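Data block below; observations after.
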Amino acid sequence: MTSPTLSTVPLIDRQAELRRLMTIIGEAFDSGSGRLITIIGPRGVGKTRVVNTFADWCGQQQMTVLSAQCVGRAAEPLLPIRDALRPVLGSSP
């Protein structure tokens with residue numbers, strides 16, 4: 001028996017947030033301008049799940065998805081941006 005994947009487990013009580021993200025990306029495409037979306041909230045409320053589900057949907061729409069995460073307060077402040085751009089720009093700093 002295999003473990004359920006993210007796409008096979010239903011998104012519980014976060015459909016409104018997911019629809020809002022889809023609306024924002026649609027508005028960005030329609031206007032030709034970028035958007036910055038910040039997801040905040042306490043631990044355990046489903047932020048990562050919503051973002052991962054949204055990223056999966058974006059990938060299915062043939063969008064390029066860049067991903068990074070903060071590793072703590074002592075880390076370099078631009079490290080997540082470097083990590084997100086590395087797959088597109090290559091491994092040089």
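The values are calculated or read from the model by the stated rules, or taken from the named source; none is laboratory data. Predicted model only: the values in this text are computed from it and were never measured. Note: ideal-geometry Cβ built from the backbone for every residue, glycine included; neighbour counts use all protein chains shown. Accessible surface areas use protein heavy atoms only, side chains included; no ligands, DNA or RNA. Shrake-Rupley method; radii C 1.70, N 1.55, O 1.52, S 1.80 Å.
Here is a yes/no grid of residues against (1) open to solvent by less than 70 Å² (accessible area, probe 1.4 Å); (2) aliphatic (A, V, I, L, M); (3) without any contact (Cβ under 8 Å) to a residue 12 or more places away in the chain:
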| residue | (1), (2), (3) |
| --- | --- |
| Leu18 | yes, yes, no |
| Met22 | yes, yes, no |
| Ala28 | yes, yes, yes |
| Leu36 | no, yes, yes |
| Gly41 | yes, no, yes |
| Thr48 | no, no, yes |
| Val51 | yes, yes, no |
| Ala55 | yes, yes, no |
*If Arg49 passes every condition in (1) assigned to a helix (DSSP H, G or I); (2) in contact with a Gly (Cβ under 6 Å, 6 or more places away or on another chain) but one, which one does it miss?*
(2)
